[in-house]
Amino acid sequence: MVLRTSGPPEPTSADSGLGFTAETGADDLLAKYGAARAQESLFDVREAAGSGYDEFVDSAGGVRPAWQEMAECVAERGQFGLERLRSVVSSLVDNDGITFVQVDHPGDAVTHGDGTQVPGPWHLDPLPMVISSADWETLEAGLVQRSRLMDAVLTDLYGARRSITSGVLPPQLLFSHPGYIRAARGIEVPGRHQLFMHGVDVSRDGSGEFRVNADWTQAPSGAGYALADRRVVAHAFPELYERMGPRPASPWAQALRLALIDAAPESAEQPVVVVLSPGIHSETAFDQAYLASVLGFPLVENADLVVRDGKLWMRSLGTLKRVDVVLRRVDAAYADPLDLRSDSRLGVVGLVEVLRRGAVTVVNTLGSGIMESPGVQRFLPQLAELLVGEVPQLATAPMYWGGVDVERSHLLSHLSTLLIRPVNGGEPIVGPALTTEERDNLAARIGATPWQWVGQELPQFSSAPTAHSPNGLSPGSTGMRLFTVAQRGGYAPMEGGLGYLLEPGNAAYRMNTLAAKDVWVRSPTRVTAERTAAPSVDLPSITPSPTRAVSSPRVLSDLFWLGRYCERAENMARLLGVTRERHHEFRYRQDMPGSECVPVLLAALGRITGTDTGASGDDAEMIAIAPTTLWALTADRRRAGSLAQSVERLGSAARAVRDQMSNDTWMVLAAIDRAVLRHSAMPPDSHTEGDGYLATAHSQTLAGMLAMSGVAAESMVRDVGWTMMDIGKRIERGIWLTALMRATLTTARSRGAEQTITESTLVACESSVIYRRRTLGKVSVAAVADLLLFDEENPRSLAYQFERLRVDLKALPSSSGSTGPERLVDEVGARLRRLDPDDLEDVTDGVRPELDGLLGAIHADLRELSRRITATHLSLPGGMQPIWGPDERRAMP
């Protein structure tokens, strides 16, 4: 992704923000904005933006008509209102789970020391970018035409190649760019257009004219972010949304959906469409998942797809389901490790051959990335004249190719003021950022191979109001990414797009951004949002096949672990909470019999997590280091089994199957994330502050996990994915319960200690109320065992878990009643039914051997059950599979 986000910009002076109040009128606001606009350092990107076009204020100093309502709303809100608006937007972004994946310089996902991914927050400016109706008419006409021109050139480059044979395009500019895929020659997308989806980065120059800075044709990103941003800003600033009534962006998603259906091969009667993603480590993973959710098509990865019998299939509900259309978000070169990059772990083996046979449609088509080549873009006006007989309406910044003597001379003499782009697909070089030595070295490289270099005039950016900075309203340099999608009669543009606020200085030329901006296109007349008519879209002649949730081993594995991490986080929150409370109760009263419960609970935490909690030392030492231990087991995500680690991995599993989760899921996860993950792994110096954090983290995690259980129970379809998630939950609850009871109840202790330990165990198992009602406070290990092990009506008991496991395993498509997991569950269930709770109370040498043996054996059986389920249902295909074998539409294992 080109857009990169970072934190808010640092103020350049004490008065760089607009310190207006709620009483500030529109005129005062305008005067203050003008004063801030005069401070070039606020938004200066050298000569590009320092004297750029102002979107908000005209040359006479008045607010432009398209922005009038915004000026009024901002003035009414005042400084405090803007701060509140920024906070609301941030919360909504959090609640919707809008993120991006941080990447390092080589392009790899940034990870923690334990290898877990670091998703970053999506920064969104509360104030939208406003485009007048007249400006949009210009943009729309130029955008649609540019898509047509790019489509014509793309078709020619993989077809007749008049571009080459006519002498207009030097052949080395085609064949040297990595976007050109030789294997794609002869592969055609059904219909009139070969370029399916097109993204265009646009900004204004100093005169207010729109210029194209970049075309995105390989696998355009950002449309999902644009749709999500509109949802957030409209909810956060409803009065402005109602007053301005911007044109809706959602009809474009419907146009994209119908275009995907229409792109299916002619043989497809009810097309199956999927969105192919590189996975959650992709920088734009949210963008891909959100777009798939909006479209209603499954989000798949390479492990979900397989080539058989010359066709592409998706693993779904235990069978192979034919796939007809793939919306590709994997780079073309990685799409097939057999015919393209052999080192790819993202593609589908044999996909290129299926494309050659015309058995599937992949969009954007393989090889479309050639249209991002600076060499091809340099000659786009000439190619447009040759192939279509038109001149591009949207101008591109002037470009100079080193293969032409006059242009090479200009390129070499203006290196310090140009954006230098290699035609082989390397990173652009910002001329103004070069030192004298670097500039001389670059000149030598250009002189040695001049045809490999293109120089482009630096992009120019207009300024627009932004409330992204905590200092209040200020101007910022802005650009937009606009989108079109191919239709039968032409191209349909998204009425809006993904705006962005650029970093100051030379970073702007690399398209590094501070925040996204929603783009609002004004209607021709001032109407309310409710009266804005959405453009009609022609329905395709074929209808899509209703695609249920993907149930490949990859998806089922993520859902299985989603269930396990949900349960693990809930259990840890309960046990940490009761341990913390007992520590406070007995910290200064260690002479009391009940104080023995503190080291026992700490030892139980160590046994469950497999980490050191001081259990090998004496009780006094364990109690002394308890605050540090509790903090680490709560906040340190690198600590095995910690609450933070469980919450982080829960979020990762949920993001991997985002398209199958309820929207409410992200609101719940965001609250837990704020409570647990946004704190240091080291405890604060103040005990009061630390205790307050722990209490909040434990209670909010518990509340969140209960909410997640409600979402799963009331908002998820009971399909095979839900079943696998429930299986994971039941196994984890059984593993945790047996480990806890074995650590707390198998050793006989004094009556006072036994009572406190038993009560703490029951609280941790959410069974203390029913236990007191049944036993009237009597301490009895047999009674505890009866409730927690054998009572099939107690949702927290071991017997209940095995009954749920029996039902869930029977509901799986591969169930036969005698599979390995089913037999194991039946055996353990029968063993539990044969036992008498009273036998578990017997004590020998200070230990309850019957109870200890039972818990240890069932704990091992549950881990074996998890292993068997992983082997039979969740294992990904191993090794190379036959490609052109017989038709294999049989049930998957």
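The values are calculated or read from the model by the stated rules, or taken from the named source; none is laboratory data. For clarity, every value in this text was computed on a predicted model and none was experimentally measured. All Cβ positions, even for glycine, are placed from backbone atoms using ideal geometry, and neighbour counts span all protein chains on display.
Tabulated data
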item	result
Which numbered condition residue 185 fails, given (1) surrounded by 21 or more Cβ atoms within 10 Å (Cβ to Cβ); (2) touching a Gly at 6+ places or on another chain (Cβ under 8 Å)	(1)
Filter result (assigned to a helix (DSSP H, G or I) and of a type in the set (Val, Ile, Thr)) within segment 710-749	711, 720, 723, 727, 731, 735, 738, 744
Filtered residues of segment 345-359 (kept if crowded, with 24+ Cβ neighbours inside 10 Å and in a loop (DSSP other than H, G, I, E, B))	347, 348
Cross-chain or 6+ apart pairs with Cβ under 6 Å, segment 714-736 first and within 9 Å of residue 559 (Cβ to Cβ) and modelled with pLDDT of 95 or more, then of a type in the set (Lys, Arg) and not in a helix (DSSP H, G or I)	none
Subset tally (residues that are among the basic types (Lys, Arg) and in the same structural domain as residue 139 (by TED's automatic domain parsing)) for segment 389-411	0
Count of residues meeting criterion [surrounded by 14 or more Cβ atoms within 10 Å (Cβ to Cβ) and modelled with pLDDT of 90 or more] in segment 815-836	10
Candidate set: segment 478-493, residues that are surrounded by fewer than 24 Cβ atoms within 10 Å (Cβ to Cβ) and of a type in the set (Gly, Ala, Ser); chosen: the one nearest to residue 211 (Cα to Cα)	492
Residue check for residue 470: in a helix (DSSP H, G or I), surrounded by fewer than 20 Cβ atoms within 10 Å (Cβ to Cβ) and not aliphatic (A, V, I, L, M)	no
Selected residue [farther than 24 Å from residue 180 by Cβ and either surrounded by 20 or more Cβ atoms within 10 Å (Cβ to Cβ) or in contact with a Gly (Cβ under 6 Å, 6 or more places away or on another chain) (or both)] from 329, 308	308
Subset of segment 576-599 [in a loop (DSSP other than H, G, I, E, B) and acidic (Asp, Glu)]	591
Matching residues, segment 203-220, being surrounded by 22 or more Cβ atoms within 10 Å (Cβ to Cβ) and hydroxyl-bearing (Ser, Thr, Tyr)	203, 217
Number of positions in segment 405-438 that are free of Cβ contacts under 8 Å to residues at least 24 places away in the same chain, within 11 Å of residue 455 (Cβ to Cβ) and not in a helix (DSSP H, G or I)	1
Test: residue in segment 250-261 that is modelled with pLDDT of 95 or more, part of a loop (DSSP other than H, G, I, E, B) and either out of contact with any Phe, Trp or Tyr (no Cβ under 8 Å at 6 or more places or on another chain) or among the aromatic types (Phe, Trp, Tyr) (or both)	no
Of all residues in segment 369-413 being touching an Asp or Glu at 6+ places or on another chain (Cβ under 9 Å) and of a type in the set (Gly, Ala, Ser), the one that is nearest to residue 210 (Cα to Cα)	395
Selected residue [buried (at least 22 other Cβ atoms within 10 Å of the Cβ) and assigned by TED's automatic domain parsing to the domain that holds residue 609] from 652, 662, 642, 680	642
Which listed residue, of 306, 272, 300, is over 22 Å from the mean Cα position of the chain (by Cα), under 18 Å from residue 346 (Cβ atoms) and touching a residue at least 40 places away in the same chain (Cβ under 8 Å)	306
Unmet criterion (only one of (1) in a helix (DSSP H, G or I); (2) under 18 Å from residue 868 (Cβ atoms); (3) not hydrophobic (A, V, I, L, M, F, W, C)) for residue 816	(1)
Of all residues in segment 190-202 being within 26 Å of residue 267 (Cα to Cα) and surrounded by 19 or more Cβ atoms within 10 Å (Cβ to Cβ), the one that is nearest to the chain's Cα centre (by Cα)	197
Residue in segment 570-586 that is basic (Lys, Arg), more than 21 Å from residue 763 (Cα to Cα) and at pLDDT 85 or above present	no
Top-ranked residue in segment 482-531 [being assigned to a loop (DSSP other than H, G, I, E, B) and polar (S, T, N, Q); ranked as modelled with the highest pLDDT]	523
Unmet criterion (only one of (1) without any contact (Cβ under 8 Å) to a residue 60 or more places away in the chain; (2) assigned by TED's automatic domain parsing to the domain that holds residue 219; (3) of a type in the set (Phe, Trp, Tyr)) for residue 334	(2)
Residue match in segment 378-389 (condition: in contact (Cβ under 8 Å) with a residue 40 or more places away in the chain, of a type outside the set (S, T, N, Q) and farther than 30 Å from residue 168 by Cβ)	no
Which listed residue is at pLDDT below 95 and in contact with a Gly (Cβ under 6 Å, 6 or more places away or on another chain), from 701, 747, 696, 756	756
